[in-house]
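Here's the structure we're looking at; comments come further down.
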Amino acid sequence: MDAYDLITRNAAEVVTEDEVRSLADDPDGKRAYVGYEPSGVLHIGHMLTANKLIELQEAGFEIVVLLADVHAYLNGKGTFEEIRETATRMQEQFVAYGLAEDQTEFVLGSEFQLDDDYALDLHALELETSLSRAERAMAEIKSGDTVTVAQAVYPLMQALDIVYLDVDLAIGGMEQRKVHMLARDTLPSIGADARRACTRPSSPTSRRASARCPPRRRLHLDEDTEEELREKVNKAYCPPSRT
């Protein structure tokens, strides 16, 4: 399987196809990233993303996993101390899922998102973005029913992360698509190139899917006993499709 096929395998969309083909043919220094709020231990749904990242490593990419502690704080997921403790566990679990350590870089958002240059670029993006556009981009990934000012800034930070992490390809589920499009529209306003995006079908790691599946029913491969895994699998129910 060639690099382009590995990038697009099981993808819902790549933006744009020509740009991704060009990237696939580039033999030098390809970097892709995925970002996660450190808000809980990984469960089996995260394995889908891990498998995609492993495929990208096979295609010659260095993988950057953003452990987005500042994002998690803005989304009300706990104190920085609690969030960073979870981030450490997530890093260990991603490696256990099979990511090659020599091709993977784990980065805490607070390592660069609190710097002056980042803050000024963020304010520049705020000037280019309407509140309604930011709210639409955040709709699928916010916590709670009311959008706070912090949550409206959240998708602009995601756009800016692509630049500061120096990556060529952003990976995310369908719930991230509007964020990726916001990034492509706004980054040129600060002199940054629009980056490519690979959107995967929504998985059990998406916020809406996770809300329908309470933690006690999720498969935690690193924590559940074999008996607990069997019990959860046997209780699983997949309703028939209406289409």
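The values are calculated or read from the model by the stated rules, or taken from the named source; none is laboratory data. Note that the structure is predicted; figures quoted are calculated from it, not measured. No Cβ is skipped: glycine too gets one built from the backbone with ideal geometry, and neighbour counts run over all protein chains shown.
Results, tabulated for the structure shown:
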item: Among (1) touching a residue at least 60 places away in the same chain (Cβ under 8 Å); (2) closer than 26 Å to GLY109 by Cα - the single one ALA12 does not satisfy; result: (2)
item: Pairs, first on the phi < 0 side of the Ramachandran plot and part of a strand (DSSP E or B) in region 99-128, second surrounded by 15 or more Cβ atoms within 10 Å (Cβ to Cβ) and among the acidic types (Asp, Glu), C-beta under 7 Å, six or more apart; result: GLU105/GLU62; LEU108/ASP69
item: Candidates ASP166, ASP145 - the one that is within 17 Å of ALA194 (Cα to Cα) and of a type in the set (Asp, Glu); result: ASP166
item: Region 130-141 - residue that is in contact (Cβ under 8 Å) with a residue 24 or more places away in the chain and either out of contact with any helix residue (DSSP H, G or I) (no Cβ under 8 Å at 6 or more places or on another chain) or surrounded by fewer than 20 Cβ atoms within 10 Å (Cβ to Cβ) (or both) and, of those, nearest to ASP185 (Cα to Cα); result: ARG133
item: Some residue of region 85-94 being touching a Ser or Thr at 6+ places or on another chain (Cβ under 8 Å), over 26 Å from VAL153 (Cβ atoms), part of a helix (DSSP H, G or I) and of a type outside the set (Gly, Ala, Ser); result: yes
item: Count of region 160-192 residues which are assigned to a helix (DSSP H, G or I) and touching a strand residue (DSSP E or B) at 6+ places or on another chain (Cβ under 9 Å); result: 10
item: Selection status of VAL65, at pLDDT below 95 and in contact with a Ser or Thr (Cβ under 9 Å, 6 or more places away or on another chain); result: no
item: Region 44-74: number of residues that are surrounded by fewer than 22 Cβ atoms within 10 Å (Cβ to Cβ), in contact (Cβ under 8 Å) with a residue 60 or more places away in the chain and in a loop (DSSP other than H, G, I, E, B); result: 0
